[in-house]
Amino acid sequence: MRVWPKVLVWVAVTPFAGWAVLRVSGYEPVWPWTPLVAYTPYAAVVAGAGLLLAATLRQRAAAVVALATTVVLACTVLPRATATEPEGASGETLRVLAANLLVGSADEVALMALVERLRPDVLALQELTPAAQARLDAAGLREALPHAVTRPKPGAGGSAVYARHPLTGGEVIEHGGFRQVKAVLTHPSGTRVEVVSVHPCALRLYARQPCWRSGLKALPDADASGPLRVLAGDFNATLDHLLVRDLLATGYRDAADVTGHGLTATWPQGGWLPGVAIDHVLADESMAVLTFDVHPLRGTDHRPVFAVLGLP
């Protein structure tokens, strides 16, 4: 019997079996696994191809391993494509838009058109530079959303929260030079909602990034005894990252996941890399998730995310 079919199949199957074990184990090596785990939806597809190969070459043991691998990975990603809450409007709502401006280079006219069309109550911006803030103000952003807590910065570290309703600024989260603005919005209904413009350091394939971990760990947990909270922006992480799953376990829900859009890529917009969902709106679980959408925006590598949340 030829050895090469068995070798070929196990070479195809083994890496994804290890991927599945790591993904469900609750253990997350810092590097290089942390950047790679974002591509788990693609790993699930390739694992299925490994199952087909093992079956075609009649390698039973490998086929069993490949089947188990495919099932495990599919169970982690497929629920994101299924809505768990019907869309619709009921009662008071909070409309949330988040956009990464790519070091301030996003087209301010296109962003203003998005604001005018979607009519957000809250706009969370990341990578806001002083020059970009000046352009947005000149384009009429402060007329559309008159309340703001802004912390612009040259480079990729600035952020802001703009709102249609009054805001009270909170302590800025800053790790590795990346500012994550916090602000408490007072809704006309009287409900107070703390909003965080999320943007920890980006991950790198070639090095450890402690500021990414500290930036995510510094985000506030959902707190049933405290104010409602919404975390919106560029998390530089997907639902396959352990830190995001731990954050959700405190009492948040991911708006894309709830509405069946959890596999919709938000980055990169263009380019050669396969897309991943690293921009999110996490809402306190006491809030209904009514709608979620991803939109194009000229001049940036991220696609803005938009959610309509129902207030309790």
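Points worth noting:
- Conditions (1) more than 33 Å from the chain's Cα centre (by Cα); (2) surrounded by 13 or more Cβ atoms within 10 Å (Cβ to Cβ); number of the one not met by V7: (2)
- Residue list for region 233-248, restricted to those being touching a Lys or Arg at 6+ places or on another chain (Cβ under 7 Å) and surrounded by fewer than 20 Cβ atoms within 10 Å (Cβ to Cβ): L243
- Residue in region 15-33 that is open to solvent by less than 50 Å² (accessible area, probe 1.4 Å), over 30 Å from Q209 (Cβ atoms) and more than 21 Å from the chain's Cα centre (by Cα) present: no
- Of everything in region 93-131 that is of a type in the set (G, A, S) and surrounded by fewer than 21 Cβ atoms within 10 Å (Cβ to Cβ), the residue that is farthest from the chain's Cα centre (by Cα) is A131.
- Hits in region 53-92 - residues which are in contact with a strand residue (DSSP E or B) (Cβ under 7 Å, 6 or more places away or on another chain) and either modelled with pLDDT of 95 or more or open to solvent by less than 50 Å² (accessible area, probe 1.4 Å) (or both): E85, G88
- Of the residues in region 164-176, at least one is in contact with a strand residue (DSSP E or B) (Cβ under 8 Å, 6 or more places away or on another chain), under 20 Å from P227 (Cβ atoms) and of a type in the set (S, T, Y).
- Taking region 264-276 as the range and being at pLDDT below 95 and either open to solvent by less than 10 Å² (accessible area, probe 1.4 Å) or on the phi > 0 side of the Ramachandran plot (or both) as the test, the residues that pass are G270, G271.
- Comparison of A110, A124 shows that the only residue that is part of a strand (DSSP E or B), of a type in the set (A, V, I, L, M, F, W, C) and in contact (Cβ under 8 Å) with a residue 60 or more places away in the chain is A124.
- Output for region 166-199, where each listed residue is within 21 Å of the chain's Cα centre (by Cα), among the hydrophobic types (A, V, I, L, M, F, W, C) and surrounded by 21 or more Cβ atoms within 10 Å (Cβ to Cβ): I173, F178, V181, A183, V193, V195, V196, V198
- Of the set (1) surrounded by fewer than 17 Cβ atoms within 10 Å (Cβ to Cβ); (2) closer than 27 Å to E92 by Cβ, all apply to H261 but (1).
- A search for C-beta distances below 6 Å between a residue of region 32-51 that is over 18 Å from A81 (Cα atoms) and any residue that is among the basic types (K, R) and open to solvent by 30 Å² or more (accessible area, probe 1.4 Å), counting only pairs 6+ apart in sequence or on different chains, returns nothing.
- Strands (runs of 3 or more DSSP E) within region 163-280 that include 1 or more residues touching a Pro at 6+ places or on another chain (Cβ under 7 Å) and closer than 22 Å to E85 by Cβ: 192-198, 228-234
- Residue pairs meeting the criteria (Cβ under 8 Å; at least 6 apart or on separate chains; first within 23 Å of N100 (Cα to Cα), in region 216-231; second among the acidic types (D, E)): P220/E194; R229/E194; R229/D223; R229/D284; V230/E194; V230/D284
- Residue within region 280-298 that is more than 21 Å from R95 (Cβ to Cβ) and surrounded by fewer than 23 Cβ atoms within 10 Å (Cβ to Cβ) present: yes
- Region 132-161, residues that are open to solvent by 40 Å² or more (accessible area, probe 1.4 Å), assigned to a helix (DSSP H, G or I) and out of contact with any helix residue (DSSP H, G or I) (no Cβ under 6 Å at 6 or more places or on another chain): A134, D137, A138, R142, E143
The values are calculated or read from the model by the stated rules, or taken from the named source; none is laboratory data. These numbers come from a predicted model, not from an experiment. As a convention, Cβ positions derive from the backbone with ideal geometry for all residues, glycine included, and neighbour counts pool all protein chains shown. Note: accessible area is taken over every heavy atom of the protein model, side chains too, but ligands, DNA and RNA are not part of it. Shrake-Rupley method; radii C 1.70, N 1.55, O 1.52, S 1.80 Å.
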